[in-house]
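Here is the structure we will look at.
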Amino acid sequence: MRDGTINLAGVSTAYEGSDRPVIRDISFTITPGEFVVVGGPNGAGKTTLLETVNGMLPITRGRATVCGLDVASRGYEIRRRVGYVIQNFAFDPLAPFTVRDVVMMGRYGLLGYGRRPGEEDRKIAREVMALLGIEDLAGRPIGKLSGGQQQKVLIAQSLVKRPDVLLLDEPFSNLDLGTRDFICGVLDGIADEGCTIMMVSHAFDALPDREVRVLVMNDGHLIFNRPCRADEVEDHVRTLSGGHHA
Ligand SMILES: Nc1ncnc2c1ncn2[C@@H]1O[C@H](COP(=O)(O)OP(=O)(O)OP(=O)(O)O)[C@@H](O)[C@H]1O
Ligand SMILES: [Mg+2]
């Protein structure tokens, strides 16, 4: 059963080795299949928020649950059910993996230690590569692809987990407009299937044509949380970020 609910109640998180919380007193509820866009200026705490949801940071106050699981104690299980596409990841040009290998890595955590992918895993990988239009790249070395192609591969790697929640941190940062629109359409379809999408983005011209929930972070605080039509999002974020949201 899919349950991509995300609930934070008064949550603060700090990075390990620091007492000072980076995000403070955050509360919100996101229901399964919602499409959430997270905005706010550089350093506001957007990535920290995604890492909190993915159970990667110590929670210093409050309580968080993801997929009905307590983030503080069930992080490992949560990460099996959450896909996370990190910000600005680039492969070493000499990385000895093909696109197919990298996509398949998304299945390994579900298989268990030492298990090898089987026919079902290969089938899912083929389906997801076709969905993202990268099936022709399957045998290519990952490090020799363009940034945009690598980004699609990383999204595919998260999608083969068949996640309940998909977290994406600025997935459009080096994509052309056509590719952004294409990926938006893919994400729209994934949300329709019931996967919760939480995406940090400054590319408000590339959003699916549906109601999205907008969260705006500023200086570690959540300062805006409201469902909006996609075409209203840019105005809201711009106003709230003081006209500057690099
Ligand atoms: N590993 C870390 N250890 C300690 N502090 C960190 C770490 N990563 C980020 N921070 C601090 O946490 C704050 C929020 O950073 P975060 O990366 O969440 O911002 P962001 O909103 O994602 O910014 P950007 O738009 O630049 O990606 C910043 O003040 C940053 O310096
Ligand atoms: Mg960030």
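The values are calculated or read from the model by the stated rules, or taken from the named source; none is laboratory data. Nothing here was measured: the structure is a model prediction, and the numbers come from that model. Cβ: placed from backbone, ideal geometry, glycine included. Neighbour counts: every protein chain shown. Note: areas computed on protein heavy atoms with side chains; ligands, DNA, RNA excluded. Shrake-Rupley method; radii C 1.70, N 1.55, O 1.52, S 1.80 Å.
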Item to check | Scope the range 163-193; condition in contact with a Cys (Cβ under 7 Å, 6 or more places away or on another chain) and over 25 Å from Pro41 (Cα atoms); matching residues | outcome: Pro163, Asp164
Checklist outcome for this item: Of (1) open to solvent by 10 Å² or more (accessible area, probe 1.4 Å); (2) assigned to a loop (DSSP other than H, G, I, E, B), Pro171 satisfies every one except (1)
Checklist entry - Identify, please: which residue in the range 26-58 is within 14 Å of ligand 2 (Cβ to nearest atom) and over 14 Å from the mean Cα position of the chain (by Cα) and is, among those, most open to solvent (accessible area, probe 1.4 Å)? => result Asn42
Checklist entry - Any chance the range 4-25 includes a residue that's crowded, with 23+ Cβ neighbours inside 10 Å, more than 16 Å from ligand 2 (Cβ to nearest atom) and part of a loop (DSSP other than H, G, I, E, B)? => result yes
Next on the checklist: Regarding the range 74-90, can at least one residue be identified that is more than 16 Å from ligand 1 (Cβ to nearest atom), open to solvent by less than 10 Å² (accessible area, probe 1.4 Å) and among the hydrophobic types (A, V, I, L, M, F, W, C)?
Outcome noted: yes
Checklist entry - Of all the residues that make up the range 8-21, how many are modelled with pLDDT under 95 and of a type in the set (A, V, I, L, M)? => result 1
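In the range 147-191, which residues are more than 14 Å from Tyr84 (Cα to Cα), out of contact with any Lys or Arg (no Cβ under 6 Å at 6 or more places or on another chain) and within 16 Å of ligand 2 (Cβ to nearest atom)?
Matches in the range 147-191: Ser173, Asn174.
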Checklist entry - Are there any strands (runs of 3 or more DSSP E) wholly within the range 27-88 with 1 or more residues that are over 15 Å from Met199 (Cα atoms), and if so which? => result 59-66
